[in-house]
1. What does the charge dipole of the chain about its Cα centre add up to, to the nearest 20 debye, if the Cβ of each Lys and Arg holds +1 and the Cβ of each Asp and Glu holds -1?
2. Ignoring ligands, DNA and RNA, what percent of the accessible area of the chain is carbon or sulfur (1.4 Å)?
3. Using a 1.4 Å probe, what is the accessible area per residue for the stretch 43-107, in Å²?
4. When the helices in the chain are scored as -39500 (n - 2.57) per DSSP H run of 4 or longer and the sum is shared across all residues, what 222 nm value do you end up with, to the nearest 500 deg cm²/dmol?
5. Round to the nearest 10 and give me the degree value, 0 to 90, for the angle of helix 13-29's Cα axis relative to the longest principal axis of the chain.
6. Let me have the relative contact order for the chain, percent, based on Cα pairs under 8 Å that are six or more residues apart.
7. What does the charge count around Val80 come to, taking other residues whose C-beta lies under 12 Å from its C-beta (Lys +1, Arg +1, Asp -1, Glu -1)?
8. On C-alpha positions alone, give me the angle between the axis of helix 70-83 and the longest principal axis of the chain, in degrees, nearest 10.
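The values are calculated or read from the model by the stated rules, or taken from the named source; none is laboratory data. Not measured: the values here are computed from a predicted model. Methodologically, a virtual Cβ is constructed for each residue, glycine included, from the backbone with ideal geometry; neighbour enumeration extends over all protein chains shown. Ligands, DNA and RNA are stripped out before the accessible areas are found, and what is left, the full protein with its side chains, is counted by its heavy atoms. Shrake-Rupley method; radii C 1.70, N 1.55, O 1.52, S 1.80 Å.
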Amino acid sequence: MSTPTRQDGRLSPEEKRALLASLLKQKEARPRVFPASFAQQRLWFIDRLRGGDPLYNIPLAVRLDGPFDIVAFRRALTEVVRRHESLRTTFASADGQPVQIISPRAD
């Protein structure tokens, strides 16, 4: 049984947990395909026009010295990707128009 909301309008801990659970369910249930923004449409058009030209790719190399903890690196990278939808977004064509497809998770 949930504790009633206090008179000052703040939620009880039980109500906060219930609200959080509800919000997380809504997030999981939302559509995962979205229309592309105008900037994304422009880049998609250029990509189609130029045939996969890597013009907008920015290569970067980093040299690390010393021991490398691959397990910690994998955990850190997985967490960054989990937090940022843009890193899980790919593009597809629907009816000749680009759409964003956001993967729920990427390992």
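1. Approximately 200 debye in magnitude.
2. Ligands and nucleic acids excluded, carbon and sulfur reach 60 percent.
3. 89
4. -13500 deg cm²/dmol
5. Helix 13-29 sits roughly 30 degrees off the main axis of the chain.
6. 27
7. So the environment of Val80 carries a net charge of +3.
8. 80
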